[in-house]
Ligand SMILES: *Cc1c(COP(=O)(O)O)cnc(C)c1O
């Protein structure tokens with residue numbers, strides 16, 4: 001129950017046992033092209049989804065390298081640990097990041113972004129986060145798009161893609177970055193950057209600033225079915241299998257499943273006497289974060305969940321370390337995962353001498369499922 005790497009469906013595990021194909025054979029090209037087409041449908045874009053042998057951070061780094069040069073000013077609007085990674089990336093590359101930060105646990109505030117851009121009219125590129133995994137907050141991308149005006153807008157959707165809706169083209173997001181190991185139900189190791197024509201044109205105007213992560217080189221390779229570098233062939237086969245499952249279930253059904261799981265988790269946590277971090281949001285269905293109750297050692301909850309019940313859950317990151325617990329439910333998760341985790345959480349809280357009525361959290365989650373079944 002951690003937000004990545006997430007559990008793998010059986011067919012994705014099986015795909016790992018297939019022989020290693022030479023990347024230039026028609027057999028592999030067919031798998032690769034099928035994966036690219038399926039990725040395009042999940043990103044909901046006609047643009048190329050560029051594939052890197054990297055974690056999600058690699059795809060994010062590609063966006064900074066291809067869109068900004070040392071000495072340039074860009075804007076980062078964040079609301080947590082991963083959003084702040086944009087700032088670190090820019091700083092390390094000598095790009096000056098003007099940073100506006102919303103309160104952790106809350107989504108990114110569009111008004112703050114608009115005000116910052118009013119004060120910085122020369123800024124041309126804006127970096128934001130769709131699903132802030134460190135707090136569970138999911139930001140309103142259409143509102144951020146509007147606040148960003150006509151600037152290039154780059155969204156980190158590493159944990160949210162395939163979990164909550166993100167129609168890249170319809171919402172006019174220029175670049176969407178993601179990775180294989182969260183909502184996309186594949187082992188870690190593939191980074192994705194879907195790049196609009198406008199963003200690609202900015203890269204073309206300014207020349208290459210990266211070698212491995214250069215968008216143009218990667219796009220050219222993919223368009224000729226001769227990937228620029230050796231692709232991780234096994235991960236490609238696994239990702240293809242995972243996307244087939246996702247499309248068989250149907251994107252809308254996948255989002256609805258996560259909506260129910262998120263609601264189960266929130267209602268369950270509240271029924272266990274826990275306070276949710278930040279305001280409730282019916283679209284924040286990637287990770288559920290709750291505050292560690294006063295008087296409880298924040299690291300004890302994940303440790304006991306693991307020691308007593310073999311359930312991995314996450315604690316807080318950065319400045320929330322020790323202060324929150326996080327249950328991830330992005331990807332290959334269902335009803336029984338949530339009910340089992342909530343049941344274990346109740347027993348852990350009981351052991352930590354919290355006033356707990358056993359079954360309350362599980363019951364609240366069941367009520368959510370019952371209501372969903374009634375429709
Ligand atoms: C996991 C995550 C990342 C980092 O991805 P890696 O694959 O670990 O590099 C970045 N942003 C968000 C929102 C994430 O959830």
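The values are calculated or read from the model by the stated rules, or taken from the named source; none is laboratory data. Note that the coordinates shown come from a computational prediction; the quantities given were computed from them, not determined experimentally. Neighbour counts run over all protein chains shown; Cβ positions are idealised from the backbone, glycine included.
Checking each residue in the range 53-89 for being away from the ligand (no atom under 14 Å from the Cβ) and part of a helix (DSSP H, G or I) picks out 65, 66, 67. Report, ordered by the first and then the second residue, all pairs with beta carbons closer than 9 Å, sequence separation of six or more or different chains, a first member in the range 346-358 that is farther than 18 Å from residue 299 by Cβ, and a second member that is loosely packed, with under 13 Cβ neighbours inside 10 Å. Note: pairs meeting the criteria are 346/357. Against the condition at pLDDT 95 or above, buried (at least 19 other Cβ atoms within 10 Å of the Cβ) and not in a helix (DSSP H, G or I), how does residue 331 come out, does it pass? Judged against the criteria, residue 331 is a match. Residue count for the range 197-230, restricted to those that are under 29 Å from residue 12 (Cα atoms) and either under 22 Å from the mean Cα position of the chain (by Cα) or surrounded by fewer than 16 Cβ atoms within 10 Å (Cβ to Cβ) (or both): 10.
Screening 240, 245 for residues that are surrounded by fewer than 19 Cβ atoms within 10 Å (Cβ to Cβ) and in contact with a helix residue (DSSP H, G or I) (Cβ under 8 Å, 6 or more places away or on another chain) leaves exactly one candidate, 245. Among the conditions (1) touching a strand residue (DSSP E or B) at 6+ places or on another chain (Cβ under 9 Å); (2) surrounded by fewer than 16 Cβ atoms within 10 Å (Cβ to Cβ); (3) modelled with pLDDT under 95, the only one that residue 91 does not satisfy is (3). Looking only at the range 166-196, which residues are in contact with a strand residue (DSSP E or B) (Cβ under 8 Å, 6 or more places away or on another chain), within 29 Å of residue 143 (Cβ to Cβ) and surrounded by fewer than 24 Cβ atoms within 10 Å (Cβ to Cβ)? Across the range 166-196, the qualifying residues are 172, 196.
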